[in-house]
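So the structure is just underneath, and the comments pick up after that.
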2 protein chains.
Amino acid sequence: MNPDVLILRALRLAGHSGASGAGLAKLLGVSRAAVWNRVEDLRRHGYEIEASPHHGYILRNSPDALHGDDLMARLQEPRFIGRDIRVFSQTSSTNDIVEKLARDGLPEGSVVFAESQSEGRGRLGRTWLSPAGMGLWFSILLRPPLHPSFATQLTILAAVAVARAIERQTPLRPEIKWPNDILVGHRKVAGILLELASELDRVRHAVLGIGIDVNIPAESFPPHLQHVATSLAAEAGCPIDRPALATAVLAELDRLYSRLRDGDFHEVGDEWMRRCSTLGRHVSISVGSRSITGRAEALDEDGALLVRTEHGALERIVGGDVHLDRRP
Amino acid sequence: MNPDVLILRALRLAGHSGASGAGLAKLLGVSRAAVWNRVEDLRRHGYEIEASPHHGYILRNSPDALHGDDLMARLQEPRFIGRDIRVFSQTSSTNDIVEKLARDGLPEGSVVFAESQSEGRGRLGRTWLSPAGMGLWFSILLRPPLHPSFATQLTILAAVAVARAIERQTPLRPEIKWPNDILVGHRKVAGILLELASELDRVRHAVLGIGIDVNIPAESFPPHLQHVATSLAAEAGCPIDRPALATAVLAELDRLYSRLRDGDFHEVGDEWMRRCSTLGRHVSISVGSRSITGRAEALDEDGALLVRTEHGALERIVGGDVHLDRRP
């Protein structure tokens, strides 16, 4: 494992008691001078590391910037997700990067973050605003042994993971809007874009893209988005620690994806339904040029939305744009 | 349009009456000397073009090798498929090439042939034998406005197109084996591999890979494949004209894909069923580690196979390996 991952993990575990230079040198199998050089390098990246004669090295503060090594150091031996994490300062779209790497054999669970994206995408080819350093824009490579018709399970688990992580790292209470938006106070703070490379009867790989508006100031959203989009910081009234939130999302994703791999997905689906603000509401849904109005009654096992129309028919909706009516 | 496409098309249309150098020069908007140079170049590629003082140029014979310009010349203004055709002498896999080009904006209907593939693939990651110059190995980029669950329609139309083209260009009577094999005399002569790049509710693009064993000698198949695979030449007892067969397949694909795009797919599905030797037969199907035995009764509208098991239940099979029992 990369020495910076080991040093940062040791420093975080040691906390205020500090980690001795000798101990770190032994852990890494290098000299104390070499440890000093790595620490200097981390300091240049914005890590405030105190060197005390009595306590050794103490990590006092981390930058808000994303560092792959630090994120890997924070994760506790993930089973799938986060074993490899790369951070790009700028990309076209993290989904595109992961898709390209996937074809070159990138291992399952690898994660690519970008501090900003020039061509961030939402569903159906829409653009996604990704200003530098203000959000979490990342994509994860998965190679699930799934039939393509079960791929919705991946967006379901991603939505639950993002909602859980926001709850842990902020004072906010996020809701899920079918099929793949995370809302706070009825406005979108995060979205999920799943892209599949598949044959008819198996998923070859899936790229799970997640975008979270973390510290974008409310006034930075273009006027036409201000009533539909917001950020965690704008809602919470304080800046949110991005690396901590990123770690929390990845840890939850790893936990929930392990469930899926173990064939134990039922409870994840149940949690999704509890968190889903769409169920029980009157909705109108645009599916292509068609519009369907009714009450969102339930989800089926594939994650499709079952809508009871005004004529009493139950329609099964696999995708589309949902508009929630004000009446309950 | 490429001048070679225009020249070859004019020569084929003119047939034995020949096309005059002056006429070709006018068609191309170049000098007669320039036409002569292009003809010389085509001769170097194996085209036997006679230059007669009375009749002008007459195409007497074409090489069996595949040339993109010639294939485009043979197709009569396709609506979708074959507007751009490229031939590689050797590739890893034509599906991989088209997939890469798709992400760079290759237009729908573009076709990539390879004279041989080093990593030709069948379904489920299996290898596909693709010896140089003996088959047709090609992939087509499609951008159909389909929900992913209807993507089976693309393999259905491909199977019908291949079967029709074989019937037109050989004395053979091919059958379709569910889900995507073309058989002659109970042995496989062609296969179809559909790979999708999709989101949950739309296909972004589809790569339709087709492999046809045209002129492979029977004895060239490895022993373990000899009872399951054959070639058109081995069955017909004579070599088959590859460029003519390639043109026939592309023309049929264009016709059937236009049907799909026009929302008029019903008859294609009916023809598929008539040609499908799996229906009405006793089958055993391996789906992962599970095996299902019964009578293949019908297809549903998504192309799934409905199997009546020995216990009377009707199972819906979306993918798997079918073994046809000998009894009818």
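Results, tabulated for the structure shown:
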{"quantity": "Residues (touching a Leu at 6+ places or on another chain (Cβ under 9 Å) and touching a residue at least 60 places away in the same chain (Cβ under 8 Å)) located in region B:27-75", "calculated": "B:62, B:66, B:67, B:69, B:70, B:71, B:72, B:73, B:74, B:75"}
{"quantity": "Any chance residue B:112 is more than 24 Å from residue A:104 (Cα to Cα), assigned by TED's automatic domain parsing to the domain that holds residue B:221, in contact (Cβ under 8 Å) with a residue 12 or more places away in the chain and of a type in the set (A, V, I, L, M)", "calculated": "no"}
{"quantity": "Options B:139, B:93; residue that is of a type in the set (Ser, Thr, Tyr), touching a Leu at 6+ places or on another chain (Cβ under 8 Å) and in the same structural domain as residue B:252 (by TED's automatic domain parsing)", "calculated": "B:139"}
{"quantity": "Selection within region B:1-24 - of a type in the set (S, T, N, Q) and not in a helix (DSSP H, G or I)", "calculated": "B:2, B:20"}
{"quantity": "Set A:185, A:191: member being in contact with a helix residue (DSSP H, G or I) (Cβ under 8 Å, 6 or more places away or on another chain), away from chain B (no Cβ under 11 Å) and farther than 18 Å from residue A:128 by Cβ", "calculated": "A:185"}
{"quantity": "Filter result (of a type in the set (Lys, Arg) and within 21 Å of residue A:74 (Cα to Cα)) within region A:26-60", "calculated": "A:26, A:38, A:43, A:44, A:60"}
{"quantity": "Residue that is surrounded by the most Cβ atoms within 10 Å (Cβ to Cβ), among those in region A:147-168 that are within 14 Å of chain B (Cβ to nearest Cβ) and β-branched (Val, Ile, Thr)", "calculated": "A:156"}
{"quantity": "Close pairs (6 angstrom Cβ cut-off, 6 or more residues apart or separate chains): within 23 Å of residue B:154 (Cβ to Cβ) and outside the structural domain of residue B:154 (by TED's automatic domain parsing) in region B:281-304, outside any strand (DSSP E or B) and β-branched (Val, Ile, Thr) anywhere", "calculated": "B:296/B:278; B:302/B:152; B:303/B:152; B:303/B:156; B:304/B:318"}
{"quantity": "Residue within region B:67-87 that is out of contact with any His (no Cβ under 8 Å at 6 or more places or on another chain), assigned to a helix (DSSP H, G or I), away from chain A (no Cβ under 14 Å) and more than 24 Å from residue B:239 (Cα to Cα) present", "calculated": "no"}
{"quantity": "Every residue from region A:174-186 that is part of a loop (DSSP other than H, G, I, E, B) and at pLDDT below 95", "calculated": "A:178, A:179, A:180, A:185, A:186"}
{"quantity": "Out of B:207, B:249, sole residue that is within 27 Å of residue B:69 (Cβ to Cβ) and within 14 Å of another protein chain (Cβ to nearest Cβ)", "calculated": "B:207"}
{"quantity": "Flag for residue A:86 being basic (Lys, Arg) and closer than 28 Å to residue A:262 by Cα", "calculated": "yes"}
{"quantity": "Boolean, residue A:230 is touching a Lys or Arg at 6+ places or on another chain (Cβ under 7 Å) and away from every other protein chain (no Cβ under 14 Å)", "calculated": "yes"}
{"quantity": "Residue check, residue A:38 part of a helix (DSSP H, G or I) and more than 25 Å from the chain's Cα centre (by Cα)", "calculated": "yes"}
{"quantity": "Residue B:141 vs. criteria under 19 Å from residue B:75 (Cα atoms) and surrounded by 20 or more Cβ atoms within 10 Å (Cβ to Cβ)", "calculated": "yes"}
{"quantity": "Test: residue in region A:272-295 that is surrounded by fewer than 20 Cβ atoms within 10 Å (Cβ to Cβ), at positive phi and not basic (Lys, Arg)", "calculated": "yes"}
{"quantity": "Checking residue B:286 against (1) away from chain A (no Cβ under 14 Å); (2) in contact with an Asp or Glu (Cβ under 7 Å, 6 or more places away or on another chain); (3) hydroxyl-bearing (Ser, Thr, Tyr), the condition it does not meet", "calculated": "(1)"}
{"quantity": "Unmet criterion (only one of (1) out of contact with any strand residue (DSSP E or B) (no Cβ under 9 Å at 6 or more places or on another chain); (2) crowded, with 17+ Cβ neighbours inside 10 Å) for residue A:232", "calculated": "(1)"}
{"quantity": "Search result, residues across region A:103-125 that are within 11 Å of another protein chain (Cβ to nearest Cβ) and either modelled with pLDDT under 80 or in contact with a strand residue (DSSP E or B) (Cβ under 6 Å, 6 or more places away or on another chain) (or both)", "calculated": "A:121, A:122, A:123, A:124, A:125"}
{"quantity": "Residue match in region B:50-70 (condition: of a type in the set (Lys, Arg) and modelled with pLDDT under 90)", "calculated": "no"}
{"quantity": "Only listed residue being more than 19 Å from residue A:244 (Cβ to Cβ) and crowded, with 18+ Cβ neighbours inside 10 Å, chosen from A:104, A:96, A:69", "calculated": "A:96"}
{"quantity": "Subset of region B:130-146 that is assigned to a loop (DSSP other than H, G, I, E, B) and among the hydrophobic types (A, V, I, L, M, F, W, C) - its residue that is nearest to the other protein chains (Cβ to nearest Cβ)", "calculated": "B:146"}
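The values are calculated or read from the model by the stated rules, or taken from the named source; none is laboratory data. Keep in mind it's a predicted model, so treat the numbers as computed, not measured. A quick note on method: Cβ atoms are made from the backbone with ideal geometry, for glycine too, and the neighbour counts reach across all protein chains shown.
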